[in-house]
Every structure is written in structure tokens, then in C-alpha cells.
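The values are calculated or read from the model by the stated rules, or taken from the named source; none is laboratory data. A quick note: this is a predicted structure, and the numbers were derived from the prediction, not measured. Because the Cβ atoms are built from the backbone with ideal geometry, glycine has one as well, and the counts that use them run over all protein chains shown. Accessible surface areas use protein heavy atoms only, side chains included; no ligands, DNA or RNA. Shrake-Rupley method; radii C 1.70, N 1.55, O 1.52, S 1.80 Å.
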Amino acid sequence: MIGAVFGSVFVFAMVALAQAGEVLLQFVFLYPLFMSFLWMTGAVYFYYHWERRGVRATAPLAFADPPLVSILVPCFNETANVAATIAAAVSQTYPNYEVIAIDDGSSDTTAAVLDRLLGAYPHLRVVHLAANQGKAMALRMGALVARGEFLVCIDGDALLDADATSYLARLLIENTRVGAVTGNPRIRTRSTLLGRVQVGEFSSIIGLIKRAQRIYGSVFTVSGVIAAYRRSALHRCGYWSLDMVTEDIDVSWMLQADHWSIQYEPDALCWILMPETFAGLWKQRLRWAQGGAEVFMKQFSSMFVWNRRRMWGTLAEYCLSLAWAFAFAATFVLWAVGKFVSMPAGLNVPTIQPPAFWGLLLATTCLFQFAVALAIESRYEKDLPRLIFWVIWYPFFFWILTLTTSIAGFACAVVKLRGKRAVWVSPDRGVTSSARR
């Protein structure tokens, strides 16, 4: 099956190359244009149908008989951040919750910090694992000892907004077919250009995509840094897979394949740390790309049945995005080779710049997308209009990053040994971590 997937992508690229370099170049620039309009349309509908003031409550609803919610905090080498994370987690306005911190065999003083916090927070419980077994296993252990039917999962360096649990729990309570709810991560590392670009990215790209995917029927992935799950839904699907690089993508596909709905709750805020170095950002995005490819290869053969038709849009979007990455790379290679040797007419790419009209249209569409995102997202961050300026650098930095990590991540997924436990290492936490709340 892996060979068939890789072969299909290769055949697609070869057919495109055989037709004309010009056609390939147009696909490279027109695909983002098409997806931008698709995301904006879905996001605007989501906003007017659910999110705007007067339709969506501006404060969490009161709960007459609130069920117990278990907040799971898997930790690995989080000495610098875990105390603030736990302090935010035990400050929820939701009236009935517990916090379970899982130390996944940390080699620093994370375990000692958590033990000290036990005396200060009656809501807190701590689980210690003897060795680093990966985030998926830590979450499994947390779910095993949790007393609540609803599980809110955050990272060990994330600051959960005080009302976040209430917003997440409300959607799970109101609809018994909701298997998971993904929250709204907000970047708090913004001292460098990379940090500021990511602020704009999460607002103008990722936020719009999640809203649009929710409207169109299926969500590619919950945000692993803040998501809530129905325990019974996880139990039916086998919980988080231990051999997946990105357990959040995998569990999202498994839940939806089992006919559970995934909702997006933009009012459930969580303040997170992101890489602010090129090396850290590359490692993070490579892991995301490899995780998506692993899930794609795992689920591909079982998706072409009628009762999983709601996932076809997500499957098509992933295939097109992967084809775009290979097409972009092929276009660049043809252009570069053409600088040194004479290329056949059908394969000649004289320039990698789009035609003037298409370039202007693409730039205008990007600016329009940023404006739409600003109008929707500004209610969550007061200084967003000032910071979103930096997102103009997104096409330059992140198109290159996306296509290179997509290709490299797909290759890593193809050669990865199946069944190998996915353990974690300490990622780049950014240059500074001042919270914006």
C-alpha cells in the first residue's frame, strides 16, 4: 500500500511534467488561491452561524449538574514551565474538575516540582512513569486513572484560559455524538520575526482552516495542545496510538472514521509556546508533516467506503496539498536545470514567477484573507492588528518550509519502522515566553 501511494504521487508528478512546465507552474500558484477562497468561505459562514456576538454566548453557560472533567497534563522535562501550567489548569471556572499531571520519565526536576505542587492544589493528582514512553502513553495512563467521562488534554507548557474547560465541556454535554472538541491555541512567544509570523499564521491560516473544515464536515486534526475528548469515544477507537509521531492527527481520523463528530471551539483559549529558531521550527513542522503522512498511509485503504464519505473531503485536501508540494519542488528543479541545459519545450520552465495577473490576484487574495482573519480573530487578542502585519512574510517563509517538510516528512513516514514507539524530546520553546492574556 505504501508503494502504491508513493507511486501514485510520482505518476501524478510525471504526468504533469510531461504535459507542460507552464501547467505545472499554474497549479503551484492557483492551488493556494483556490484553497484560500475555500477557507474564507467556510470560516465566514462559521462566524456568522455560531461565533458572532449575539449568537454565541460571550461567557460560558452555567451548568445545573456539571459532570466531572479530568484535565490531563502530560509532561516531559518541563521544569521551567510546568508550575505555571498547573497553576492555570487549577484555576478553571468550571465547577467540577480534577487535574492529572503525568510525568513521563523526565530527566530533569519535573517530578520534584509536581510533587511540591501537590500540597498547594487540592484538585491536582500526579502520576509518575518510570521511563519516557511518549506522549500517547502518558495520555493513556492519565485516561486510565481519570475519574471523568470528559478529558481535557493540554501540553506541559501550555496556559489554559480560565474559561476554556467550560467552553469545551459545553459542546460535549450538549451533543452526545461529539467525540472531541479542539480549542483555540494562541501564541505567546513573539519576540522574533518567526514568532510574530506564527501569531499571524495561527490566526489567518490555521484558525480559518479549522472553522472551514468544521463547516465542510470533517476536521483534519484537533490541536494536540488543547483538546477535549469523550472517554467512551476514545475507548471505542482504542485511545491514542503509541507508534504515531503525531497522536492528535491519528486519533482525530480514528474518531471521525468511527462516526464521531469533532467540533471547533474558538472561545476555548490556550496560550502556548512555539519555536522561534529555524532549527526548532523545522523539527516541529517535519514532525507534523511526518505524522500526517503516517496517518494518511494508515487510513488510506479503509477510507473508500460509503459510510466514511464525510472524510473524503479531508482525504482529498491532504492529497492535493501533497501533490502541490511535489509540484512546487518539480517546478523549481525544472527551472534550475533549465539554467544549465536545454530543456524540451514541454518541460521548460523559464521562470518561477507567476504571470503578472495571477501574481497580483494571489497577493490580493492573501491580503484579503488576512483582513478576514483579523475581523474574526481580533476579539481574542487586543494587539492582533499590530502583530498580524508580520504575516505578510508567511508566503516567503512558510511556503518553502511547508513544501520541504511535506516531502521530507512523507519520505520519513514511508521508511519508518511500523510499531516503533514514538517517544518525545524537549522541543524549542522560543526565545521568550511572556504570556499575552
key: Gyration tensor (alpha-carbon) shape descriptor, segment 279-343, a/c threshold 1.5   = oblate
request  = Give, in nm to one decimal, the length gained when the segment between residue 414 and residue 112 is fully stretched (0.36 nm per residue of separation minus the Cα-Cα distance).
outcome  = 104.8 nm
note = Heavy-atom accessible area with a 1.4 angstrom probe orders 236, 287, most exposed first, as 236, 287
remark   = For segment 97-174, the per residue accessible area (1.4 Å probe, Å²) is 35 Å²
task = Mind grabbing the accessible area of residue 163 for me, 1.4 Å probe, Å², rounded to tens?
result = 50 Å²
request  = Take the cross-link list 135/210; 210/382; 283/416; 283/339 and give me the ones stretching past 28 Å between alpha-carbons.
outcome  = 283/339
query = If you rank 360, 234 by how much accessible surface each has, with a 1.4 Å probe, what is the order from largest down?
reply = 360, 234
query = For residue 130 and residue 371, FRET efficiency with R0 = 45 Å and r from the beta-carbon atoms, rounded to 0.05?
reply = 0.30
query = Largest first, what is the accessible-area ranking of 231, 52 with a 1.4 Å probe?
reply = 52, 231
message = Cβ neighbours within 10 Å, averaged per peptide: list 306-317, 248-259 in order, most packed at the top.
response = 248-259, 306-317
task = Would you tally the net charge around residue 92, using a Cβ to Cβ cut-off of less than 10 Å, leaving residue 92 out, and scoring K and R as +1, D and E as -1?
result = -2
task = Provide the FRET efficiency to the nearest 0.05 for the residue 176-residue 337 pair, computing r from the beta carbons and using R0 = 56 Å.
result = 0.45
key: Spacing of the two label points (7 Å from each Cα toward its C-beta) at residue 26 and residue 120, in nm   = 6.3 nm
query = With labels modelled as points extended 7 Å from the Cα through the Cβ direction, what inter-label distance (nm, one decimal) is found for residue 145 paired with residue 399?
reply = 5.0 nm
ask   = Using a 1.4 Å probe, how large is the accessible area of residue 278, given in Å² and rounded to the nearest 10?
value = 130 Å²
query = Can you give the extra length, in nm with one decimal, that the chain gains between residue 361 and residue 52 once fully stretched, where that is 0.36 nm per residue apart less the Cα-Cα distance?
reply = 108.3 nm
query = Put a dot 7 Å past each Cα toward the Cβ at residue 64 and residue 305; how far apart are the dots in nm?
reply = 4.0 nm
message = Please report the carbon-and-sulfur percent of the accessible area for segment 90-224; probe 1.4 Å, protein heavy atoms only, DNA, RNA and ligands left out.
response = 55 percent
remark   = By the mean-Cβ-within-10 Å protection proxy, highest first, 269-276, 140-147 rank as 269-276, 140-147
query = Does segment 139-231 come out rounded, prolate or oblate by the C-alpha gyration tensor, with a ≥ b ≥ c the root eigenvalues, rounded set by a/c under 1.5 and, if not, prolate when a/b is larger than b/c and oblate if not?
reply = oblate
task = Please work out how much length the chain gains when fully extended from residue 193 to residue 34, using 0.36 nm per residue of separation minus the C-alpha to C-alpha distance, in nm with one decimal.
result = 54.5 nm
